[in-house]
Amino acid sequence: MSVEKLAARHDGDAEIPDDVAEFADSFVALIHAVKRTRSQLLAAAKHNVEWSANVILACVINDGPMRASALAEMVQSDPSTISRQVAALVRDGLLERRADPIDGRASLLVTTARGEAAHRDQKGIRDEHFARMLADWSERDIRRFTALLRRFTDDYDRYRPQFFAEHESPTGKSPDVRH
C-alpha cells in the first residue's frame with residue numbers, strides 16, 4: 001500500500017503494512033528506553049542540571065541569545081513554565097539576562113561560562129555513552145543510520161501538527177499516544 005493511500009485512510013480501519021507496524025513498535029520501544037536512560041545519564045553529570053534545564057541551555061547555546069518568548073516557542077512550552085525554569089537557571093548562574101540592544105525594555109537570555117560548562121559536561125557524557133554503544137558499528141552504518149534518523153526526525157516534526165489536528169478529541173485535547 002502506498003504512503004498516499006495510508007495518509008488518505010486515517011479512519012482507524014486502515015490496513016497498515018507489517019513493516020510500518022514493526023517500525024512503530026520499535027520506535028515506541030526506543031522512546032521508552034530513552035526515558036529510562038535519561039535520568040541515569042543526568043545523574044552521572046558533574047553539574048546537577050535537570051533535563052528541561054539542559055534543553056533550555058542547549059537552545060540558547062546553539063541559537064544564541066534570545067528572549068524568553070522565543071525560547072518558549074522553540075521548545076513548545078508555556079511561557080510561564082519557561083519563565084520559572086529560566087529564573088532558576090539565572091539564580092543558579094547558568095544563564096543571565098542582558099538588555100536587548102534593539103529594545104532596551106526587553107532582555108535576552110545568554111549562557112554563562114558555568115552554563116556552557118554544564119552543557120559541555122552533559123554532551124560529553126552523552127557522546128561517551130553513544131561511542132561505547134556504537135563501538136561495534138562500522139563508520140558507514142553510523143553515517144547511514146544518522147542520515148535516516150535525521151530524515152525521520154524531519155518528517156516526524158513536519159507531520160506531527162497534521163497528526164494532532166486529525167486526531168484531536170472532542171474536548172480539544174491531543175491524544176495520548178504512548179503505545
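Numerical summary
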quantity	calculated
Some residue of the range 77-91 being touching a strand residue (DSSP E or B) at 6+ places or on another chain (Cβ under 7 Å), closer than 13 Å to A58 by Cβ and touching a residue at least 24 places away in the same chain (Cβ under 8 Å)	yes
Hey, A87 under 19 Å from W51 (Cβ atoms), crowded, with 17+ Cβ neighbours inside 10 Å and not charged (D, E, K, R) or not	no
Residues of the range 62-79 that turn out to be assigned to a helix (DSSP H, G or I) and either among the basic types (K, R) or surrounded by 17 or more Cβ atoms within 10 Å (Cβ to Cβ) (or both), as a count	3
Flag if P161 is surrounded by fewer than 14 Cβ atoms within 10 Å (Cβ to Cβ), outside the structural domain of T37 (by TED's automatic domain parsing) and over 20 Å from the mean Cα position of the chain (by Cα)	no
Residues located in the range 102-128, provided they are touching a Leu at 6+ places or on another chain (Cβ under 8 Å) and not in a helix (DSSP H, G or I)	L109, V110, T111, T112
Restricting the range 94-148 to residues that are touching a strand residue (DSSP E or B) at 6+ places or on another chain (Cβ under 9 Å) and surrounded by fewer than 15 Cβ atoms within 10 Å (Cβ to Cβ), the residue that is modelled with the highest pLDDT	R98
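The values are calculated or read from the model by the stated rules, or taken from the named source; none is laboratory data. Computed from a predicted model, the values in this text were never measured in an experiment. We place every Cβ from the backbone using ideal geometry, glycine too, and count neighbours over all the protein chains shown.
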